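Asker: Right, I'll just put the structure down here and ask away after.
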Amino acid sequence: MEISPENFDAANQRAQEAASAFPVAVAVRYDRRISRVVITLSSGLDLAFSPHDAQGLEHAHPADLQDAQISPSGLGVHFPRLDADLYIPALLEGFLGSRNWMAAEMGKRGGKSVSAAKSSAARENGKLGGRPRKVKVA
């Protein structure tokens with residue numbers, strides 16, 4: 001597929017608009033003391049988050065996070081050892097992964113919640129014999 005000069009110019013225009021709409025990353029590091037990835041933005045804001053809360057970083061070891069690189073546009077951070085990328089505008093909007101990944105993470109957290117109603121329902125279900133066993137089909 002050949003890129004026309006018009007498409008190239010339009011892409012550059014969109015990139016300039018995105019760069020002016022969001023602060024860019026000027027530094028990135030992993031802080032072992034607080035176990036957080038810290039991204040310093042051009043606005044002076046430090047954005048810190050647990051790598052276990054970000055898609056692609058959830059199983060990372062501290063050594064995997066040491067050599068993070070800022071993209072040339074400043075709108076992304078790349079972790080070469082993990083082959084993972086984070087998009088700064090999405091981080092600022094509170095999205096640490098794709099929509100499907102975020103939904104799965106929220107489901108995991110919701111399933112771990114404990115309440116009096118949930119405990120009571122589990123006890124009642126247990127009195128009835130609990131969850132039915134799966135039938136193996138031969």
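Asker: Which one of these is under 18 Å from Pro89 (Cα atoms) and modelled with pLDDT of 90 or more: Val38, Val24? Before the answer, list the steps.
Answerer: Numbers: Val24 fails: modelled with pLDDT of 90 or more.
The conditions single out Val38.
Asker: Hey, among the residues in segment 21-50 that are closer than 21 Å to Leu82 by Cβ and among the polar types (S, T, N, Q), which one's nearest to the chain's Cα centre (by Cα)?
Answerer: Ranking the qualifying residues of segment 21-50, first place goes to Ser50.
Asker: While we're here: Checking the structure you have, find out if any residue of segment 22-40 is within 12 Å of Ser73 (Cβ to Cβ), free of Cβ contacts under 8 Å to residues at least 24 places away in the same chain and of a type in the set (Ser, Thr, Tyr).
Answerer: No: segment 22-40 contains no residue that is within 12 Å of Ser73 (Cβ to Cβ), free of Cβ contacts under 8 Å to residues at least 24 places away in the same chain and of a type in the set (Ser, Thr, Tyr).
Asker: Picking from Gly130, Gly107, Gly126, which residue would you name as being part of a helix (DSSP H, G or I), surrounded by fewer than 11 Cβ atoms within 10 Å (Cβ to Cβ) and either among the β-branched types (Val, Ile, Thr) or modelled with pLDDT of 70 or more (or both)? Even if it seems obvious, please write down each step before you answer.
Answerer: Working: Gly130 fails: part of a helix (DSSP H, G or I); Gly107 fails: either among the β-branched types (Val, Ile, Thr) or modelled with pLDDT of 70 or more (or both).
Gly126 is the lone residue from the list that is part of a helix (DSSP H, G or I), surrounded by fewer than 11 Cβ atoms within 10 Å (Cβ to Cβ) and either among the β-branched types (Val, Ile, Thr) or modelled with pLDDT of 70 or more (or both).
The values are calculated or read from the model by the stated rules, or taken from the named source; none is laboratory data. Worth saying up front: this structure is predicted, and the values here are computed from it rather than measured. In this analysis, Cβ positions are derived from the backbone assuming ideal geometry, glycine residues included, and neighbour counts consider all displayed protein chains.
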